[in-house]
Amino acid sequence: MHTMTIFELFMKVVFLFRKIIVFVLFLGVFQHAFGGEREDYTFAYKLYKNKAYPVAQNQFNQFIKRYPRSDNADDARLLIAECALQLKNFDEAIQNYKQLLVDYPETNLSLDALQGVAISWYRQGKYEEAIKGYEEVLEVASEPEVISRSLYLIGESFDNLGLYQKAGEYYDQVISEYSESNEMADALYSKGWTFYRLKNFRSAYELLSGFGQKYPDHYAVPEADYRAAESLFKIGEWANAQIGFRDFIQTYTTSPNRKQMVTDAQFRLGECYFQQQMMKEARQEFSLLLNSGVDSLISAEAQYWIAEILAEEKKATEAIYEYQKVIDLYPDSSVSDNAWYGIGMVHFEQSEYAKALSTFKLVSVNLQSELSTAARFRMGECFRMLREFNTAILNYKKILGALSPYADDASYQIGICYFQLRDYQGAISELRTLVEMYPETDLRPYALYHLGLAYFNLEQYLESSQTFDLYFTDVQGRNFESAPADEALFWKARALYEAEDYAGTIKACNLLTQKYPQSERLTQSNYFIAESTYWQSPTKESYRSARQKYQELIEQKPRSKWAEKSQFSIGWTYFSEAVVSQDRERQDCYNKAITTWKTMIQKYPESELLDQSLYQVGVSQSNLKKYSEAIQSFKRVIDSYVGSSWQDNSQYQIGWAFYKLEEYGDAIDAFSEVIRKFPSSRLQPNAIFGIANCFFKQGHYENAISEYKKVVENYPNLKVPTRESGTEKAVNLRPEAQYYIAESFMNLKHYSEAIKAFEKVIQHYPKSNWADDAQYSIATAHENLGQKEKSLQAYRTLIKNYRSSGLAPDVQLQIGRFYYVDRDYKRAISEFQKVVIQYPNTSSAWLAKYNIGKSYLMLGSYKQSIEAFSQVNPESEFSASAMFEIGKAWYNKRNSRRNLTNAINVLTDIPEEHPKSPFAAKALVLAGECYQELVQWQKAIDLYNQVLSHYPQSDQAEYAQISLGHSYKAQKNFLQAMSAYDIIRQKGTDRYRIEIVVEAELHLAETQAILGRHYDSGVTYLRVRHLREQHDSLTAFHAAVRASDAFIKANDIYMAKDTCEDALSLFEAKIATADVRKKGEWDQLHDYAQNQYKQILNQIEQQ
């Protein structure tokens, strides 16, 4: 309406402007044109002035044809376009305006032509083209009134296109830059409308409310006043809107042109009263409308609102009566369905869901009704309240296909119905769809809340936690009755707890206790703080901190079920602390756990945790190795708590306790009771497994195999629960059972059967902890069968398939040893090197380096051998051995770089760095040999004495003792040498190896001879002759001959004779069985003895 009035005003200005131009032109024509030209133009112009536009248009066309070079030709073309515009031939008008610009580029009418094009586009509703047209006007216009008008009409064009934000920008230009223009008031009014249409009702109100005061004579003042009040209504400022509508009614009641608006205002006034719960005033207003004789449409709506007021006042019977009036009196009105719907809502609010259902159904079947989908939604609500969830879902789903404002509500309630049916997957699917399809819905927090719960119930804890995070992002501090924030935070904490994110659980529970101190979940939150502290890390500190928190909860709520749980959990803190403790502290913690659980039994005699507490007493006693006491505790669980879910566990633990006592018969009986008494127990396979283990321990491998096979074959999907530190984890016994089938075959020496059984472990349980052990045992079995290549291949398979296995380093080492034993030392080095490279931080790597050194040693590569041994970690158990090998390498006479000093330096470091090593004594002895070779006898003596004083029981002590004698002897310290040898002689073979004793006795005799003690020397030789004959008859023969020599030198000729005869007799007795390789030595010594005997006889004859 306001657009056309503005346009007419604009056209008057344009025509006035053009009249002036034409008048000036007419004077020119009159003065300069020929008479015919002037008359033709005047005639056409007068036709135009008299609104004879078709004829005028024709005459102007004729004029241009006759006088194409006339000074008025451009003016004629402009007026042709104006005639077309007046005749609403817009395309023709546009064509002529544009023709003017083309034919007369220098004309001073170009601005008029551009404005004509723009207004033609505008008037035919082509607003995009109009915008472009007026933008062209703005490019050339300089007059403020033209610019102002063009800006305004661009704004109007955008407004008509629904681009209200853009329209407002152009209105703003007029308002700010051309406030004195004729378009100012229209722009201000239109700007108010843009705010209204953009739902920026506050700004609309602020702009329109003052419009009437500023422009009291403007045609749009009534509309502005009404729209200002309506804006307040839209933003819910009912009291101010009430004032606005009341003022409007008072101002325009007597205005006949505003009757409909006044009626609308009265209606809105009633609604304002209603919204403010001013039901009496609202009812009066609607009754006034009803009685004022307004048309039936308004009467019906007024009647309807009277019913609504009664419904709001909970006057159900009266409300239904008034709704029924609408239906009876105005059956064809637009609010008839509203009335039916209202009746349904009254029944719904009264919890009369069956009655409400039948009423809503009447509305829902009328697909022409605007309330059809709303009624269908309410039908779903009725079925939901009647707990007919599947039927409710069917009704809600009928809404989803339509573009309905109830679609998000329906989707949400479908999710809730699925939730109520415990179809959590269905709930998740529907609620996720709701959140994704309706991101702006008010139901989003509720949907996220129940979505989080659904995920939790499906044990999808991470998704649950993340969903509750989205919930908190949405609510931003608000609280919702059916989706309370403290509940959401609690369930987020529970989800984090179940996901084993204990730090997150503690954080969430602490936030709940701080933010919602009155929450009903406060005690539970404190409990889960303690629980999470317990689980957060397996340390004494965590268990003690958790224990303190449990104790605080007991003190705060001593009679609550959470106090009982806390008392029970305190026992677990002691139990778990025992697990990570040692020796006495460990025992102390188990005893405290037992005391705590016994206190639990006494303090809470009605608790549901009594049987479990007693069971845990038994477990703790088992861990203290008090198996007999544990058996009694488990028997009490069975006897005292007949319906307990811990009976099967207790019976199983009895079997386990007997097993630990090595009373395998009783253990088998106890395990058998589990199988007999608890056929549905999840511990059935454990019991069978226990029986099998008992047979295995007894060496009854055939029986063991039979039982293990039951576990493997009868429980294909086995996941056996095991209680561990307060939780329940699933363990698959089948791989272990299959492994022990194979082990049983190994113990029976059925290696081929064992290999097949081990292969089943690998085939069926490739990811189990037993697969690598099985592969290792396959290699061992092949080795036992003498199948070296197959064994080697099995080891290689283990390395390939179980690279991260703890066995892998030793297996790679074993592969190297295979080649070492075969004397393929180069290949051995290559395999040992793989251990060093692939497993550098293992003890196997140190041993590999040691073996690399040994391999180089066997190859005669002493330099590389020494380098390899030097790389062995000093902290390694192989360090002393490696150092010893380095010393031997430097000592070895085949080493071209042989260096006894280097050998001594390394060897003497061993007892200093590794004094308890078995290589310490060996090193000292070898270093002594180095000094002997260097003829540094005293240093050698010192080292041998060090061996004898520090390592007297070592094998090297024997060698050190005799080497000590040799060194003294080489030093010509004969008495000390004799003392050293005599120690060996005295202790004899009770302490020393016979070879050492014989050598010592021979050297003792030799030393005695050096000192001239020939008789003693002869006696010592005779000792060797008579005591060592069985050990080495040749040595005994030597000793006898030398004894004879000694007695000769001692001038005891007859003793010499007897001894020599004895030697010859020994020869005769032993020569036949003598080692043929030593026959020459026997003969040579015999010849000497015979010759000596002749000399003795000659000497006796000469006496």
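Once backbone amide H atoms are built at 1.01 Å from N, residue 860 has no partners under 5 Å, excluding neighbours fewer than 5 places away on the same chain. Among residues other than residue 810 with Cβ under 15 Å from its Cβ, the summed charge is 0 (Lys and Arg +1, Asp and Glu -1).
When Rg and the Kirkwood Rh are both derived from Cα coordinates, the Rg/Rh ratio for the stretch 346-409 amounts to 0.95. For the stretch 322-430, the ratio of Cα radius of gyration to the globular rule of thumb 2.2 N^0.38 Å stands at 1.11.
The Cα-based radius of gyration and maximum Cα-Cα distance (Dmax) for the stretch 120-175 are 10.4, 29 Å.
Listed by Cβ neighbour count within 10 Å, with the fewest neighbours leading, 998, 947 appear as 998, 947. 3J(HN,Hα) along the stretch 911-923, derived from phi through the Karplus expression 6.51 cos²θ - 1.76 cosθ + 1.60 where θ = phi - 60°, amounts to x, 6, 8, 9, x, 9, 6, x, 7, 4, 5, 4, 4 Hz, with x in place of Gly and Pro.
Here the Karplus relation 6.51 cos²θ - 1.76 cosθ + 1.60, evaluated at θ = phi - 60°, turns the backbone of the stretch 968-975 into coupling constants of 4, 4, 5, 7, 6, 9, 5, 4 Hz, with x for every Gly and Pro.
Kindly provide the GluC sites (Glu not before Pro) of the stretch 464-533 that DSSP labels as loop, not H, G, I, E or B, and whose Cβ sees at most 12 other Cβ atoms within 10 Å. In loop regions of the stretch 464-533 (DSSP not H, G, I, E or B), the sparsely surrounded GluC sites (Glu not before Pro) are 481, 520. Considering only the Cα atoms of the stretch 1004-1102, their convex hull presents on average a projected area of 6.0 nm². Hydrodynamic analysis of the stretch 776-847 uses the Kirkwood radius over alpha carbon pairs. Inserted into Stokes-Einstein at 20 °C and 1.002 mPa s, it gives a translational diffusion coefficient of 177 µm²/s. Of interest is the spacing of the C-alpha centroids, which for the stretch 801-849 and the stretch 443-507 amounts to 53 Å.
Within the stretch 856-909, the GluC sites (Glu not before Pro) that combine a DSSP coil assignment with at most 15 other C-beta atoms in a 10 angstrom radius are 875, 877. If Lys and Arg each add +1 and Asp and Glu each add -1, what is the summed charge of the other residues whose beta carbon sits under 9 Å from the beta carbon of residue 712? Net of charged neighbours comes to +3. With all pairs of separate Cα atoms included, the stretch 405-475 yields a Kirkwood hydrodynamic radius of 11.6 Å. Selection among 560, 575, 651 by position relative to the dipole of the stretch 554-679 gives 560 as farthest towards the positive end (Cβ unit charges, Cα centre).
Using bins of 10 Å that start at zero, the share of Cα-Cα pairs per bin across the stretch 61-174 amounts to 15, 41, 29, 11, 3, 0, in whole %.
Rounded to whole numbers, the Karplus 3J(HN,Hα) couplings from phi for the stretch 997-1003 are 4, 4, 4, 5, 5, 4, 5 Hz, using 6.51 cos²θ - 1.76 cosθ + 1.60 with θ = phi - 60°, and x at Gly and Pro. What's the angle, to the nearest 10 degrees (0 to 90), between helix 221-234's Cα axis and the longest principal axis of the chain? Long axis of 221-234 versus the principal axis of the chain: about 30 degrees. Shape analysis of the chain yields a ratio of the Cα radius of gyration to the Kirkwood radius, Rg/Rh, of 1.31. May I ask you to list the GluC sites (Glu not before Pro) in the stretch 139-215 that are in a DSSP loop and have at most 16 other Cβ atoms within 10 Å of their Cβ? Of the GluC sites (Glu not before Pro), the ones in loops of the stretch 139-215 whose Cβ has at most 16 other Cβ atoms within 10 Å are 180. Model label sites at residue 321 and residue 482, defined 7 Å from Cα along the beta-carbon direction, differ in position by 3.3 nm. Ranking of 933, 388 by neighbouring Cβ atoms within 10 Å, starting from the fewest: 933, 388.
Each Cα pair under 8 Å and six or more residues apart adds its separation to the average, and for the chain the resulting relative contact order is 2 percent.
Principal axis analysis of the Cα atoms in the stretch 953-1034 yields extents of 29, 28, 19 Å, listed in decreasing size.
With respect to the chain, whose longest principal axis is taken over its alpha-carbon atoms, helix 164-177 is tilted by about 60°. About its Cα centre, the chain has a charge dipole of approximately 3220 debye under the convention of +1 per Lys or Arg Cβ and -1 per Asp or Glu Cβ, with nothing else charged. Each part reduced to its alpha carbon centroid, the stretch 257-307 and the stretch 533-593 end up 72 Å apart.
Legend: ranking of residues 633, 805 from fewest to most surrounding C-beta atoms inside 10 Å; resulting order 805, 633.
With the cut-off at under 17 Å, measuring from each backbone N in the stretch 832-871 to a point 7 Å along the Cα-to-Cβ line of residue 897 picks out 853-871. Relative contact order of the stretch 963-1014, taken over Cα pairs closer than 8 Å and 6 or more residues apart, is 32 percent. Simple rule: put +1 on each Lys or Arg Cβ and -1 on each Asp or Glu Cβ in the stretch 405-475, find the dipole, and look at 472, 441, 462; the Cα lying farthest toward the positive end is 462.
The mean sequence distance of close C-alpha pairs (under 8 Å, at least 6 residues apart), as a share of the length of the stretch 1004-1102, puts its relative contact order at 22 percent.
The residues packed around residue 471, meaning those with a beta-carbon under 9 Å from its beta-carbon, carry a net charge of 0 if Lys and Arg are +1 and Asp and Glu are -1.
Read-outs: derived from the displayed coordinates by stated rules, not from any lab. Bear in mind that the values here come from a model prediction, so they are computed numbers and not experimental data. Here Cβ is always computed from backbone atoms with ideal geometry, including for glycine, and neighbour counts include all displayed protein chains.
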